[in-house]
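The values are calculated or read from the model by the stated rules, or taken from the named source; none is laboratory data. Quick caveat, the model's predicted, so the values are computed rather than measured. Cβ atoms come from the backbone with ideal geometry, glycine included; neighbour counts cover every protein chain shown.
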C-alpha cells in the first residue's frame with residue numbers, strides 16, 4: 001500500500017505568527033535573552049507579520065543561531081514547554097482540520113521547519129503530528145555549542161531533509177502533500193504531488209498562479225480552509241481530495257507532466273466533465289485552459305466568467321485559426337490545454353455505442369505545438385449530471401457517488417514518413433487518441449450492453465435540444 005504524507009511548514013502556515021518570537025517572554029524569564037534583544041525581536045515580529053519571510057531576514061536569522069552557544073538545552077525546552085499554550089493558541093483552525101483529515105486518510109502528518117526542534121517539539125506533541133523534521137542544535141554536556149547537527153532546514157535544505165526522510169520511510173512524494181506560505185519553500189512544494197499554498201507572500205502568490213497551485217486562505221474559521229479567490233481559483237477546491245464536492249477516483253495522475261506544455265484529451269459523457277478534468281489536472285499541480293464554444297462565451301454570465309478564467313473562444317465552422325494559434329502560444333509558454341475531441345456529449349443512444357470518434361482539433365494542436373497528448377478516460381459523471389438534466393443531482397453529490405478518471409501514457413503524435421498534413425492525416429491521428437481513451441475505459445463502459453429506455457432518456461437533452469442547437 002502506498003505511503004503518503006502531509007508536510008506542514010510551521011510559521012505563518014500552521015501558526016499565524018513566528019514560533020521563535022512567541023516564546024520570547026519565556027526565554028527572557030529563563031535568562032536566555034535580554035530586554036534589549038526582546039525589544040529588537042518585537043520590531044522584527046511586526047515586520048514579519050506584515051511581510052513574511054525575506055531573504056535578508058532569514059540570513060540574519062541564520063547568523064543569529066550561533067547565539068545559542070552556552071544556553072542550556074533544559075532551559076530552552078522549559079521555555080518552549082511554558083509557551084506551548086501560546087503556540088497552540090496561534091495554530092489556525094483550518095490547519096487543525098486538515099491535520100485531522102489527513103490522519104483520517106491514513107497519511108503521515110509531519111511538521112517541516114527551520115525552527116529548532118527543542119522549540120517545536122512540545123507543540124508537535126500537543127497537535128499529535130507523527131513526525132517532526134526540524135533544525136537540530138549541537139549539544140555538549142547539556143549546553144549548546146552554537147553549531148548545528150546537519151544543516152539549517154530552510155529553502156532547498158528543508159526540501160532535501162524531507163526527501164531523505166521520505167526515502168527512509170518509504171513515502172511516495174508523488175502522492176504526498178506540502179503546505180507553506182513562503183516563496184522560499186518552492187523546492188518543497190515542487191517536490192510533492194499535491195502542493196498547497198497557504199496565506200502566501202507576494203512572490204509565492206504570483207508563482208502559485210503561474211503554476212496552477214491551489215491557494216488556501218487560513219482565517220481561523222472552523223471547518224476546511226477557504227480557497228483564496230483568483231480568477232481561475234474558483235475551481236481550485238476540486239484539486240484537494242479533502243475539499244472536493246465530487247468523490248473523484250483517479251488512476252495514473254502521475255503520468256501528467258508536472259511542467260511544460262501538455263494537451264489533456266478526455267472523452268465527454270456529462271456536463272460535469274470539464275469540472276472533473278480540471279480537478280484531475282489540479283491534482284498534478286496543473287492549471288488547464290480550455291477551448292470553448294462561442295455559444296458559451298456569448299452567454300451573459302458564463303461568457304464573462306470564461307473570459308475572466310482566460311479560456312479560448314472557438315467559432316466553429318468559420319475557418320478562424322486564431323483559437324488554434326492562441327492555444328499553441330499557451331502551450332509554447334508551458335501551459336496545459338484541456339480538450340474534449342468529441343466536441344459535444346453523445347446524444348441518446350449514441351452515448352452507448354462502442355468506440356469513440358473525435359474532431360481533428362486535437363491532432364492539429366499536437367502537430368502545431370509538438371506537445372504531448374495525455375489521454376484521459378472519464379466515466380460515472382453521467383450518473384451525477386445526466387444529459388437530460390439542467391443541473392447536477394444534488395443527492396448523488398451528497399451521497400459521494402464516485403466518478404472516475406484514468407490517465408494514460410503521454411502520446412507524441414507524428415505524421416508517418418512521407419505523409420503530408422491534411423484532413424486524412426488529422427483524422428487518423430485523432431482516431432489514435434480516441435482509441436487510446438477508449439482502451440482506458442472499463443469494459444462495461446467501452447462495450448456496454450444494450451441500453452434501456454430509461455438510460456436513453458437520461459442521455460437525451462431536455463426537449464430534444466443540445467447545447468449547440470440551443471445556443
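Mind listing whichever residues of the stretch 254-313 are at pLDDT 85 or above, surrounded by fewer than 18 Cβ atoms within 10 Å (Cβ to Cβ) and in contact with a strand residue (DSSP E or B) (Cβ under 7 Å, 6 or more places away or on another chain)? Matches in the stretch 254-313: 255 only. The set of residues in the stretch 4-17 being modelled with pLDDT under 90 and surrounded by fewer than 22 Cβ atoms within 10 Å (Cβ to Cβ) consists of 16, 17. Of all positions in the stretch 199-220, at least one carries a residue that is surrounded by fewer than 16 Cβ atoms within 10 Å (Cβ to Cβ) and either modelled with pLDDT of 90 or more or part of a loop (DSSP other than H, G, I, E, B) (or both). Mind listing just one residue for me: the one in the stretch 221-233 that is under 15 Å from the mean Cα position of the chain (by Cα) and under 18 Å from residue 335 (Cα atoms) and, of those, modelled with the lowest pLDDT? Ranking the candidates gives 230 first. Among the residues of the stretch 406-435, those identified as buried (at least 16 other Cβ atoms within 10 Å of the Cβ) and in a loop (DSSP other than H, G, I, E, B) are 408, 413. Close Cβ contacts (under 7 Å, 6 or more residues apart or on different chains) running from residues in the stretch 83-99 that are farther than 11 Å from residue 17 by Cα and assigned by TED's automatic domain parsing to the domain that holds residue 123 to residues that are in a strand (DSSP E or B) and at pLDDT 90 or above comprise 95/8; 99/109.
Restricting to the stretch 390-401, what's the tally of residues that are surrounded by 14 or more Cβ atoms within 10 Å (Cβ to Cβ) and touching a residue at least 12 places away in the same chain (Cβ under 8 Å)? Final tally of qualifying residues: 4. Counting only residues that are touching a strand residue (DSSP E or B) at 6+ places or on another chain (Cβ under 6 Å) and either farther than 23 Å from residue 349 by Cβ or part of a loop (DSSP other than H, G, I, E, B) (or both), the stretch 373-405 holds 8 of them. Just one of the listed residues (365, 413) is assigned by TED's automatic domain parsing to the domain that holds residue 448, touching a strand residue (DSSP E or B) at 6+ places or on another chain (Cβ under 8 Å) and without any contact (Cβ under 8 Å) to a residue 60 or more places away in the chain, namely 413. When we screen 96, 131 for residues that are surrounded by fewer than 23 Cβ atoms within 10 Å (Cβ to Cβ), modelled with pLDDT of 90 or more and out of contact with any strand residue (DSSP E or B) (no Cβ under 6 Å at 6 or more places or on another chain), the only hit is 96.
Given the criteria outside any helix (DSSP H, G or I), over 22 Å from residue 410 (Cα atoms) and modelled with pLDDT of 65 or more, does residue 245 qualify? Yes; evaluated as a whole, the condition is true for this residue.
Please go through the stretch 440-449 and pick out each residue that is without any contact (Cβ under 8 Å) to a residue 60 or more places away in the chain and assigned to a helix (DSSP H, G or I).
Selection gives 443, 444.
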